[in-house]
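Okay, so here's the structure we're looking at.
The values are calculated or read from the model by the stated rules, or taken from the named source; none is laboratory data. Fair warning: this is a prediction, and the values are worked out from it, not measured in the lab. A quick note on method: Cβ atoms are made from the backbone with ideal geometry, for glycine too, and the neighbour counts reach across all protein chains shown. Heads up: the accessible areas ignore ligands, DNA and RNA and are worked out on the full protein's heavy atoms, side chains in. Shrake-Rupley method; radii C 1.70, N 1.55, O 1.52, S 1.80 Å.
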Amino acid sequence: MSVDLGFVTRIAPTLAQGLGTTVALAIPAILLSALWAIPVVVGLMARSRLVARITADYVELVRNTPMLVQMFFIFFGSGVIGFPLSGFVAALLALVLQNGAYVAEIYRGGIQSVAQRQAEAGLALGLTKRKTFAIVVLPQAIRKVVPSLSNQGILIIKDTSLAATVSVAELTFQARLLADRTAAVFEIFFTLALFYLALTAIFAGTMRVIERRVRIA
Amino acid sequence: MHLLLASAPLLARGAAITVYLSVLAIVLATTLGLILALAQLYGGIVLRILVEVYLYVVRGVPLLVLLFAMYYALPYAGIALDPLAGGIAVISLYFAAFMTEVFRGAVLSVPAGQWDAGRAIGLTTPRILTDIVFRQALRVAAPPFVNTCVMVVKGTSLVSIIGLADLTYVGKAIVERTLAPFEIFGAVALAYLALCLVLSRLGRQLETRLNYVH
Amino acid sequence: MNASWLGQVRTAAVVLLAAFGVSALIAGTANAQSATSRLDEIIKRDKLIVATFSTAPPFCYTDEGGKLVGFDIDIAHLIAKSLLGDANKVEFVAVTSEGRWPAVNSGRADIGIATTTVYPDRALHVAFTHPYIDSGISILVRQDAKIDSLAALNDAKFTLANLSNPQMADRAKRYVPKAKLLTFDTPSAEFAAVKSGQAQAMQMDTPVLNWYAANNKELKVLPESLGVIQGNAIFMKPGDFTLWLWMDTMVREMTQGSRYNEYSDIYQKWFGRNPPPERFYGQSGK
C-alpha cells in the first residue's frame, strides 16, 4: 500500500457530492432545532404543571435514547404505518426532535440567567408578561447562549453521519461506498476526517463572528 | 405483546453487550480523561500541544467515522481489531476527550484562594491537589461527568453499524424480520432510558455524598 | 489555544497528515509475506474461522432463536468436516457487507463464505475460489405495485431498495436510472423496506429473492435478471496459494466430485431441488 496524495485530490469530488447532502441536512437541522426549541422551552416553563411535566418527559426521553434508535424508529415506523418518509426527512426529524430538546434546555439556562430586573423593568413599562418575555427577556437570553448553541450545532453536524444508516447519501455514506470500490481506505478516511474538521471549523468560526456581533456588552 | 415476549431473550443478550461496552468504556474514558487533564494542566508544552490537538480532532470528527476508520482502514495497517475490542477502544478514546474537558474545567473552577491557602501552610503543588483541590473539583465535576457517562451509553449504539450485536443491532434485526418497529424500537428505547436513568440516579447519589462534606 | 479557525484547520491538517504518514509507513512494513500458510494455522488451531452474513436468507441468516443457519453455513460445516474431521469445528464471524473484505484481509477470519458474487474488481482485493453455487441478480417486487418488467420499474414513482455495495449502485444506475433509490447495509433491511411499502422493489441475489418470494405471497420475482449467470464463491486473503488451492479443490470436489452427495443434500435442504450441472438461472442480454 503506497501513500498516494494525488489520489486524495481525485476522490475529493466524489466525496464533495456527499458533502453537499451533509450540508443540506445539517443547515435545516440546526435552524429547525433552534426554532422547535422555542415552543419546547415555553412548555418547560409553563405555569400548567401538566404541560411542564409532559414537556419535561419528552426532553428526558430524547436525551436518554440514542440518536440512532430515534432515526430507525421514525424511518421504519413511518414505512409500517403507510406514510413512508424518505431517509432524509426521517433523519432531519430525528435530529430536530432530539437537538430541539437540548437547545430548549440551553434556552432555559439563558432565560433564567437574564436578570430578574430586566423582566421587572418590562412590566414596569406596562408591557404584558407575554410581551415582556418575547421582547425583553428572550432576545437577551438567546444572545447569551450563542456559545452553547455553537457547541450544539457542531454536535448536529457530527450526527448527520448517522443518517447514512437510513439511506441518506451524505459524506460518510459516500466514503464507505468509495472504500468498497478501491483499496485506498486510508486516503478515503483521512479525507473524510478532514472534511468534517473543515465543516465544524467553518461553523464554529461563523458562530464566533455572530457571538461577537450580538454580545451583550 | 406476544412478539415482545418472544424477542425478550434476544434483546436481553443485546442489552448485556451494551451494558458491558458501556461499563468498560466509562472506566477507560474516565481513567484516560483524568490522565490527560493532568497532562494538560501540569505537563510540558509539548504534552499540552499534543493533548490540545487530540481534543480538537475528537471534537470535530464524528464517532462513527472513527469507528469506521478502526474497522475498515486499520486492518490494512496490520492492526485487526474485532468490533468488540475495537469498539471499546474507539469509544473510550473518543469520550476520554470529553472527560478531559470535564476534569480540567472542574479543577480550574476551584477558587485561587484555595491554592494560595495551601501554599501558605507550606504544601507543595501535588499535595495541594490531592488534599484540598481534588475533593472540591470532584463536586463541580460530578454533574457533567454523569452527563458524559450517559453520552457513552448512547454512543455504544454505534457499534451496531459495524456489526456488533448490541441492543440496537438486535432490535434492528428483529424489526427487519417482523416489521414491528414501534413495539421493538419502543422496547429498545425504554431499555436505554432505563440504563441512563439508573446512571443519572447513581450520579445524583454521588453528588449528594460529595456535598455531604459541607 | 485561541488561534483563528483557519489556523485551527491548518493545525488539524498538519497533524492528520503526520498521523497518516506514520500509519502509512507502518502499513508498508506490516505487510511482509509470511512463510507459513494460513492453512497450517487452521489445522494447528483445529478450528476454521469463517466470515459470513447474518441477514441473507437462505444462505446465511439467523433463525428466531438467534442461531446462524443457511446454505453457506452448512457448506462451512462440510468444509470443516473435510479439513478437520469434525463438522462442528467452525467459528463464524458475522460481518457487514463492506466488512467482509477487511475480515479476511486482516486475518480476523480464515475465509469468507457470505453469498459473495465474484466480480473482477472484487478480485483485486481478495482471492476467489471457483463458484460453489450459481447465482444471478434479480429484482423482487410487490404484487400490488403492478410492475411486470425492468422497463416498467424504470420510473420515478418507484423506489428500489439496494445493498450498499458499488456493484449494486452501478446496476441500478444502468438498468433503472429513473427509479428512486434506498440503500441499506443488509438484505433484511432491504426486505423490510419492500414489505412495509417504503420501497416497491429490491435488488439481490436470485436465490435469496426466490426464498423471500416463496415465503411471502405478496411479493414476486421479476423474470428478467440483471446480467448473466454469476457465481458465489469462497474468498480469502490474496497471496496464500496453499490455502487457496485447498479451498478451490474442496469447492470442485463438492460441486463435481467426491463430496457431491453431501453437497446435494445441503442443496436439496435449502432449495428443494438437485444441484446443477443443469444451469437454471436465466440468461439475459444487455
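For chain B, find the longest principal axis of its Cα atoms and tell me its angle to the long axis of helix B:181-211, 0 to 90°, nearest 10.
20
So what's the angle, to the nearest 10 degrees on a 0 to 90 scale, between helix A:49-63 and the longest Cα principal axis of chain A?
20
Can you show me the helix-derived [θ] at 222 nm for chain A, built from DSSP H runs with n ≥ 4 at -39,500 (n - 2.57) apiece and divided by the number of residues, rounded to the nearest 500.
-26000 deg cm²/dmol
Nearest 0.05, what FRET efficiency do C:Thr249 and C:Glu218 give at R0 = 45 Å with Cβ-Cβ as r?
Computed FRET efficiency for C:Thr249 and C:Glu218: 0.55.
Roughly speaking, what is the stretch gain from B:Thr124 to B:Ala112, that is 0.36 nm per residue apart minus the C-alpha to C-alpha distance, in nm to one decimal?
2.8 nm
For the range C:105-255, what is the percent of antiparallel DSSP beta bridges, rounded to the nearest 5?
The antiparallel fraction comes to roughly 70 percent.
In Å², rounded to the nearest 100, what is the total accessible surface buried by chains B and A against each other with a 1.4 Å probe?
Interface area, both chains combined: 3200 Å², rounded to the nearest 100.
Using protein chains only (no ligands, no nucleic acids) and a 1.4 Å probe, work out which residues of the range B:136-172 have their accessible area cut by at least 50 Å² relative to the chain alone.
Listed by number, the residues meeting the 50 Å² cut-off are B:Lys154, B:Ile161, B:Lys172.
Over the range C:42-86, what relative contact order in percent results from Cα pairs under 8 Å that are six or more residues apart?
The normalised contact order for the range C:42-86 reaches 31 percent.
In the range B:182-214, what residues drop by 50 Å² or more in accessible surface going from the chain by itself to the full protein assembly, probe 1.4 Å?
Output list: B:Phe182, B:Phe185, B:Leu193.
In the protein assembly as shown, what percent of the accessible surface is made up of carbon and sulfur (1.4 Å probe, ligands and nucleic acids excluded)?
Of all accessible area on the protein assembly as shown, carbon and sulfur atoms account for 63 percent.
What is the spin-label model distance, in nm, from C:Lys67 to A:Ala56 if the labels are put 7 Å beyond Cα along the C-beta direction?
For the pair C:Lys67/A:Ala56, the computed spacing is 5.0 nm.
In Å and whole numbers, how far do the C-alpha atoms of the range A:12-139 stretch along each principal axis, longest first?
59, 37, 24
Return the Rg/Rh ratio of chain A with Cα-based radii and a Kirkwood Rh.
Rounded to two decimals, Rg over Rh is 1.08.
Beyond 15 Å, how much of the Cα-Cα pair distribution for the range B:20-85 remains, as a whole percent?
Percentage above 15 Å: 66.
Only Lys, Arg, Asp and Glu count, each charged at its Cβ (+1, +1, -1, -1), so figure out the dipole size of the range C:173-236 about its Cα centre, rounded to 20 debye.
260
Could you tell me which of the pairs A:Lys158/C:Lys180; C:Lys195/C:Lys269; C:Lys67/C:Lys237; C:Lys67/C:Lys157; A:Lys131/B:Lys154; B:Lys172/C:Lys81 are separated by over 29 angstrom between their Cα atoms in the structure shown?
C:Lys67/C:Lys157; A:Lys131/B:Lys154; B:Lys172/C:Lys81
Heavy atoms only, 1.4 Å probe, whole protein assembly: order B:Ser157, A:Ser48 by accessible area, highest first.
Most to least solvent-accessible, the answer reads A:Ser48, B:Ser157.
Rounded to the nearest 100 Å², what is the buried accessible area between A and C, both sides summed, probe 1.4 Å?
Counting both chains, the buried surface is close to 2600 Å².
Give the ranking of C:Trp101, A:Trp36, C:Trp270, C:Trp211 by solvent-accessible surface, highest area first, calculated with a 1.4 Å probe.
A:Trp36, C:Trp211, C:Trp270, C:Trp101
Buried by at least 30 Å² relative to the chain on its own: which residues of the range B:80-124 qualify, computing accessible area with a 1.4 Å probe on protein heavy atoms?
B:Ala80
Which ³J(HN,Hα) values in Hz, rounded to whole numbers, follow from the phi angles of the range C:197-209 under the Karplus curve 6.51 cos²θ - 1.76 cosθ + 1.60, where θ = phi - 60° and Gly and Pro get x?
Karplus values, whole Hz, x for Gly and Pro: x, 5, 10, 9, 8, 9, 10, 6, 4, 4, x, 4, 5.
Top to bottom by accessible area (1.4 Å), largest first, where do C:Arg45, C:Arg122 land?
From most exposed to least exposed: C:Arg45, C:Arg122.
Evaluate 2.2 N^0.38 Å with N set to the residue count of the range B:1-154, then give the Cα radius of gyration divided by it.
Compactness ratio reported: 1.31.
Taking 7 Å along the Cα-to-C-beta vector as the label spot, tell me the C:Asp155-B:Arg135 distance in nanometres, rounded to one decimal.
Once both label points are built, they end up 7.7 nm from each other.
Looking at the protein assembly as shown, what % of its DSSP beta bridges pair antiparallel, to the nearest 5?
60
Taking only protein heavy atoms into account and a 1.4 Å probe, give the accessible area per residue of the range B:142-214 in Å².
About 41 Å² of surface per residue is accessible.
Counting only other residues whose beta carbon sits under 14 Å from that of B:Ala194, what net charge do I get with K and R as +1, D and E as -1?
+2
Obtain the nm distance between the two label points defined at A:Thr9 and B:Glu52 by a simple spin-label model: each point lies 7 Å from its Cα along the Cα-to-C-beta direction.
Using points 7 Å along Cα→Cβ, the separation is 3.1 nm.
With angles folded into 0 to 90 degrees, how steeply does helix A:146-159 sit against the dominant principal axis of chain A? Use alpha carbons for both and round to 10.
30
Leaving out ligands and nucleic acids, note down the accessible area per residue over chain A with a 1.4 angstrom probe, in whole Å².
For chain A, the per-residue accessible area is 45 Å².
Using alpha carbons only, what's the Rg to Rh ratio of the range C:136-286 with Rh from Kirkwood?
Here the Rg-to-Rh quotient is 1.03.
Taking a probe of 1.4 angstrom, what is the accessible area of C:Ser225 in Å², to the nearest 10?
20
Taking the Cα atoms of the range C:128-194, what is the range of coordinates along each of the three principal axes, in descending order and whole Å?
That gives 40, 22, 22 Å along the principal axes, largest extent first.
Could you tell me the calculated FRET efficiency between C:Lys89 and A:Ile135, based on Cβ-Cβ distance and R0 = 60 angstrom, to the nearest 0.05?
0.20
Total Å² of accessible surface buried at the B-C contact, 1.4 Å probe, nearest 100?
2200
Provide the FRET efficiency to the nearest 0.05 for the A:Ala46-A:Ala198 pair, computing r from the beta carbons and using R0 = 45 Å.
The formula returns an efficiency of 0.65 here.
Taking every pair of Cα atoms in the protein assembly as shown, average 1/r, invert it to obtain the Kirkwood radius, and report Rg/Rh to two decimals.
1.00
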